[in-house]
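The values are calculated or read from the model by the stated rules, or taken from the named source; none is laboratory data. Remember, predicted model here, so these are calculated numbers, not experimental data. Don't worry about glycine lacking a Cβ; one is built from the backbone with ideal geometry, like all the others, and counts go over all protein chains shown. Note: accessible area is taken over every heavy atom of the protein model, side chains too, but ligands, DNA and RNA are not part of it. Shrake-Rupley method; radii C 1.70, N 1.55, O 1.52, S 1.80 Å.
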Amino acid sequence: MNAPAPVSAAILAVVVRGTRLLLIRRANPPDQGLWGFPGGRIERGETLFQAAERELREETGFATRAQGVLTAFDVLDRTPEGCLRFHYVIAVIRCVDTGQTEIRADDDALATGWFTLDQIRAAPERMSPGLLELGTLALSDRGIAPWPVPGGAPRSLIPAQDHAS
């Protein structure tokens, strides 16, 4: 009997510029060909923030600093018979807009672009599931939880403007 696959961890990196969100068109499954936030697996020994900064740089060339966690969610994929194929826990990380204008599609991205919520709402068939909801959250006044802080006390929260990775 095969052991069940472990739960995997991944991130989505969110950059907001005014009312626009930085998106990539995915080259690979899941969501191949759809627009979504840059992201991918967290590598062993890497923090959530390091993974967000790395994935954003690899997929868009955008240099940034992670600010904090917007939210997290599960992705469970099952066979038609109900057997679990994979389980991901995905943390959505807000990243600083450094004002960088030179952005390019690379690695797992076919294209990059800045999108408003109206543009996302107008073409749901071209967008990753949940993108509208995550984009709405990213543009809301709710804010982030700037924790965990690499090298910081594991149970203390600090204001986002005081965080430096």
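Side notes on the structure shown:
- Condition check for ALA10 on (1) open to solvent by 20 Å² or more (accessible area, probe 1.4 Å); (2) under 9 Å from the mean Cα position of the chain (by Cα): one failure, at (1).
- Count of segment 114-140 residues, restricted to those that are without any contact (Cβ under 8 Å) to a residue 60 or more places away in the chain and not small (Gly, Ala, Ser), is 8.
- Where strands (runs of 3 or more DSSP E) sit wholly within segment 32-125, those with at least 3 residues that are of a type in the set (A, V, I, L, M, F, W, C) occupy 66-78, 84-95, 109-116.
- Candidates LEU22, LEU70, LEU76, LEU34: the one that is aliphatic (A, V, I, L, M) and without any contact (Cβ under 8 Å) to a residue 40 or more places away in the chain is LEU76.
- Any hit, segment 26-44, residues being of a type in the set (A, V, I, L, M), closer than 17 Å to SER128 by Cα and open to solvent by less than 30 Å² (accessible area, probe 1.4 Å): yes
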